[in-house]
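Peer 1: This is the structure, below, for whatever I ask next.
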Amino acid sequence: MAHGYLRHLSAGTRLCAVFGQPIRHSASPAMHNAAFEAAGLDWAYVACEVDPTYLGEAITGARRMGFCGLNLTVPHKLEAIEWVDELDESAKAWGAVNTVAFEAEVDGEWFPVGQIDPTGRAIRSKGYNTDADALIRALKEDLRIEPRSARVLLLGAGGAARAAALKLADEGVLELWLVNRTIPKAQELATEISHRYPAVTVDVGYPESDVEIILNGTSLGLKSGDPLPLDVDRFPLERADGVYDMIYRPAVTPLLTAAHAAGCQTANGLGMLLYQGAAAWELWTGRQAPIEVMREALGREVYGGPR
Ligand SMILES: NC(=O)c1ccc[n+]([C@@H]2O[C@H](COP(=O)([O-])OP(=O)(O)OC[C@H]3O[C@@H](n4cnc5c(N)ncnc54)[C@H](OP(=O)(O)O)[C@@H]3O)[C@@H](O)[C@H]2O)c1
């Protein structure tokens with residue numbers, strides 16, 4: 001506890017959490033707790049290892065225990081759609097839930113429990129997606145590549161990649177290629193994109209042409225010894241301008257090392273984590289997120305100091 005984040009814990013402390021498996025790599029507690037402290041809020045954020053078999057029970061448990069909100073990470077973002085009481089438009093549009101806000105009913109209207117006294121009131125869980133907007137902002141800031149009119153090779157078809165693919169299509173990418181271990185999941189996603197965004201050309205498999213962006217939305221690279229998430233014999237990294245890895249810990253994945261060596265611009269997922277976290281924080285607290293405090297906390301957590 002180098003930064004004393006827990007010093008405000010009391011019987012009245014409001015709680016938030018991230019559920020995932022694995023979860024020990026998460027930098028979200030450092031980011032959110034620093035923001036609570038900066039805002040003078042008696043709130044705390046913890047990381048919970050949740051087996052996917054028990055995701056529904058864990059969300060219900062948090063609701064019953066008066067938690068204000070949750071983040072969901074690998075492998076829960078798709079399944080969570082089944083386990084929340086309400087879906088925000090963002091979760092419906094991007095097809096995955098990475099943020100849950102618990103809400104209490106007051107005179108027929110619903111308010112985040114973190115912003116009122118929920119004692120004795122009906123509580124529901126509402127699922128949001130704050131990943132999609134965060135990714136676009138991070139791509140523009142960190143890679144300095146405009147996704148609109150870009151050709152993108154997207155690796156993965158899980159919760160994060162699905163939201164990314166739909167959002168990129170919505171942004172007006174020129175062409176999208178989807179590569180995933182489980183090919184039918186990529187095909188299903190491609191079909192959905194073709195229906196919803198007929199102007200976007202979408203294919204399953206590796207591109208014939210060069211691309212502006214390779215985006216890793218798989219969890220390959222989280223564990224040491226993981227193979228690269230793409231087959232470089234089929235698509236050499238030299239054929240991409242920029243490579244964005246949604247993974248932020250390790251800060252430099254084998255994919256980013258190889259991409260840097262191939263002369264690509266590179267960025268890890270820290271910017272995306274920051275912006276999705278700030279949006280979740282605002283949903284829970286109703287306040288403006290202290291972005292620079294959160295950025296600095298992430299820098300300390302992942303790099304051991306600001307970047
Ligand atoms: N920076 C951020 O803010 C941020 C936000 C969201 C996610 N992420 C990162 O994005 C990654 C994906 O998260 P998620 O929530 O989308 O997880 P998810 O829903 O569990 O999806 C995992 C994806 O990785 C693929 N995959 C997993 N193990 C694999 C293996 N051994 N070989 C090949 N492919 C494999 C899966 O393929 P199958 O479909 O074949 O299972 C799927 O496409 C994670 O690393 C997560 O940390 C970062």
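Only the coordinates and a few stated rules stand behind these numbers; no lab work does. From a predicted model like this one, the values you see are computed outputs, not experimental measurements. For neighbour counting, all protein chains shown are included, and Cβ atoms are generated from backbone atoms with ideal geometry for every residue, glycine included.
Peer 1: In Å and on Cα atoms, what radius of gyration and Dmax does region 133-268 show?
Peer 2: Here Rg and the maximum Cα pair distance are 13.4, 39 Å.
Peer 1: Considering Cα pairs under 8 angstrom that are at least six residues apart, work out the relative contact order of region 133-268 and quote it in whole percent.
Peer 2: Details: 259 pairs, mean separation 31.9, N = 136.
Reported as a whole number, the value is 23 percent.
Peer 1: Pick from Leu270, Leu222, Leu153 the residue whose mean-square fluctuation is largest in a GNM of the chain, springs joining Cα atoms under 10 Å.
Peer 2: Looking only at Leu270, Leu222, Leu153, the largest GNM fluctuation is found for Leu222.
Peer 1: For region 281-293, in order, what is each residue's ³J(HN,Hα) by Karplus, 6.51 cos²θ - 1.76 cosθ + 1.60 with θ = phi - 60°, in whole Hz (x at glycine and Pro)?
Peer 2: Computed from phi, the couplings for region 281-293 are 4, 5, 5, 6, 9, x, 10, 6, 5, x, 4, 5, 5 Hz.
Peer 1: To the nearest 10 degrees, how steeply does helix 183-196 sit against the main Cα axis of the chain, on a 0 to 90 scale?
Peer 2: 80
Peer 1: What share of Cα pairs, in percent, lie more than 23 angstrom apart in the chain?
Peer 2: Values: 25812 of 46971 pairs.
Roughly 55 percent, rounded to a whole number.
Peer 1: Right, next: For Trp94, what is the net charge nearby, where nearby means another residue's Cβ is under 13 Å from its Cβ and Lys, Arg count +1, Asp, Glu -1?
Peer 2: Values: positive: Lys77, Lys92, Arg162, Lys167, Arg196; negative: Asp88, Glu89, Asp131, Asp133, Asp170, Glu171, Glu192.
Computed value for this residue: -2.
Peer 1: Could you state the angle between the C-alpha long axis of helix 28-38 and the longest principal axis of the C-alpha atoms of the chain, as a value from 0 to 90 degrees rounded to the nearest 10?
Peer 2: Relative to the chain, helix 28-38 is tipped by roughly 50 degrees.
Peer 1: Give the angle, between 0 and 90 degrees and rounded to the nearest 10, that separates the Cα long axis of helix 55-64 from the longest principal axis of the Cα atoms of the chain.
Peer 2: 30
Peer 1: Further question: What whole-number distance in Å separates the alpha-carbon centres of region 147-161 and region 242-307?
Peer 2: 18
Peer 1: Just add up the charged neighbours of Gly12: K/R +1, D/E -1, any other residue whose Cβ is under 13 Å from the Cβ of Gly12. All intermediate terms of the calculation are to be shown ahead of the outcome.
Peer 2: Values: positive: Arg14; negative: Asp42, Asp117.
Taking every other residue near Gly12 into account, the sum is -1.
Peer 1: Hey, in the GNM for the chain with a 10 angstrom Cα cutoff, which one of Ala262, Ala11, Ala34 fluctuates hardest?
Peer 2: Ala11
Peer 1: Now, a different point. Please sort by residue number the trypsin sites (Lys or Arg not before Pro) in region 98-137 whose DSSP state is loop and whose Cβ has at most 16 other Cβ atoms within 10 Å. List each step's numbers first, then the result.
Peer 2: Details: sites: Arg121, Arg124, Lys126, Arg137; in loops: Arg121.
Sites meeting the loop and neighbour criteria: Arg121.
Peer 1: Show which lysines lie in cross-link reach of Lys185 when reach means a straight Cα distance below 20 angstrom and same-chain residues fewer than eight apart are skipped.
Peer 2: Lys77, Lys92, Lys167
Peer 1: Using DSSP to call loops (not H, G, I, E or B), can you name the trypsin sites (Lys or Arg not before Pro) in region 158-225 whose Cβ has at most 13 other Cβ atoms within 10 angstrom? All intermediate terms of the calculation are to be shown ahead of the outcome.
Peer 2: Details: sites: Arg162, Lys167, Arg181, Lys185, Arg196, Lys223; in loops: Arg181, Lys223.
Here the trypsin sites (Lys or Arg not before Pro) that fit, given the DSSP loop and packing criteria, are Arg181, Lys223.
Peer 1: Quick one: order Trp281, Trp43, Trp83 by neighbouring beta-carbon count within 10 Å, fewest to most.
Peer 2: Values: Trp281 30, Trp43 24, Trp83 18.
By the 10 Å Cβ count, ascending, the order reads Trp83, Trp43, Trp281.
Peer 1: About its Cα centre, what dipole magnitude does the chain give when the only charges are +1 on Lys and Arg Cβ and -1 on Asp and Glu Cβ, stated in debye to the nearest 20?
Peer 2: Working: 28 positive and 40 negative charges, 121 e Å.
Its charge dipole is roughly 580 debye.
Peer 1: Amide H of Ala47: which non-local residues (sequence gap of 5 or more, or other chain) have their own amide H closer than 5 Å, using H built in the peptide plane?
Peer 2: Val18
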